[in-house]
Amino acid sequence: MNISEALFHGHSNSIESLKTAGDLILRSVGENPSREGLERTPARYAKAMKELCSGYSLSPKDAVGEGIFQGVGGLVSVKDIEYFSLCEHHMLPFWGHVSVAYYPSDKILGLSKIPRMVDVFSKRLQVQERLTKEIAMGMVEVIHPRAVAVKINGSHMCMMMRGVKKTGSVTHTEFSWGMETLTAEERQRLWQSLE
Ligand SMILES: [Zn+2]
């Protein structure tokens, strides 16, 4: 068992263990955690991380709650939902917009529930590709649509502040499910609605 396992055993995602982690980061970068200005930083860090990782305690079903209704079958699309996430390789932020489109079978999701679905999966450590797929499959889990497509763009601090230092680059990802159930015209309309 290494020192982190020993310190945090059984206390994952608790405020106390996150505070200890914040304190360790300060010491590890050469700071003095007791100097004025840093005294409350581990506590603030713990609170911020708890919020940024709040998706771990939620499931797609929690996110939509009672927000499922009888549908009439037409195309539904919601574009440019803002998200913020943390990349799992560097624990640095990435952020951008998510667009979701689906053809319902018999159920539709309340429109405010789609952003909540985005939060379930973005407020975790992520890679953008998996985030895209998980949002789509979360939709499948709660409303079993005929087909769903998700498109995401993302700016990654780990590429902008460090490493290749490409500040202007934007990463685009998409994932679709159930496309074979659609006619060619429906498929085209669905992708067009996300452009
Ligand atoms: Zn990264």
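No lab work stands behind these numbers, since they all come straight from the coordinates. Owing to the predicted nature of the structure, the values given are computational and were not obtained by experimental measurement. Don't worry about glycine lacking a Cβ; one is built from the backbone with ideal geometry, like all the others, and counts go over all protein chains shown.
Amide H of residue 87: which non-local residues (sequence gap of 5 or more, or other chain) have their own amide H closer than 5 Å, using H built in the peptide plane?
Correct list: 92, 94, 126.
When you take every Cα atom in the range 29-133, what is the radius of gyration, and what is Dmax, the widest Cα pair distance, in Å?
Cα-based Rg and Dmax for the range 29-133 come out at 17.9, 61 Å.
Can I get the semi-axes of the chain's equivalent ellipsoid? Compute them from the C-alpha gyration tensor as square roots of 5 times the eigenvalues, in angstrom, largest first.
On the way: eigenvalues 289, 75, 32 Å².
Largest first, the chain gives 38, 19, 13 Å.
What full-extension length gain, to one decimal in nm, is calculated for residue 84 and residue 111 as 0.36 nm per residue of separation minus the Cα-Cα distance?
Values: separation 27, 0.36 × 27 = 9.72 nm, distance 1.93 nm.
The residue 84-residue 111 span can extend by a further 7.8 nm.
If I model a spin label at residue 141 and residue 169 as a point 7 Å from the Cα along the Cα→Cβ vector, what separation in nanometres do I get?
Label at residue 141, label at residue 169, 3.1 nm between them.
For the range 3-52, count all C-alpha to C-alpha pairs, find those more than 12 Å apart, and express that count as a whole percent of the total.
Numbers: 748 of 1225 pairs.
Percentage above 12 Å: 61.
Putting +1 on Lys and Arg Cβ atoms and -1 on Asp and Glu Cβ atoms, find which of 20, 90, 69 reaches farthest to the positive end of the dipole of the range 1-113.
69
What is the count of Lys pairs in the range 75-195 whose alpha carbons sit under 18 Å apart, if the two are 8 or more places apart or on different chains?
9
Just want the answer: with Cβ charges of +1 for Lys and Arg and -1 for Asp and Glu, which residue in 163, 152, 125 is farthest toward the dipole's positive end in the range 122-195?
Most positive-ward Cα: 163.
Can you sort 193, 28 from fewest to most other Cβ atoms within 10 Å of each residue's own Cβ? It would help to have the intermediate numbers written out before the result.
Working: 193 17, 28 8.
Ascending number of Cβ neighbours within 10 Å: 28, 193.
Given R₀ = 25 Å, FRET efficiency for residue 43-residue 8 by Cβ-Cβ distance, to 0.05? Could the numbers behind the result be given before it?
Working: r = 17 Å, r/R0 = 0.67.
Once the sixth-power term is evaluated, E becomes 0.90.
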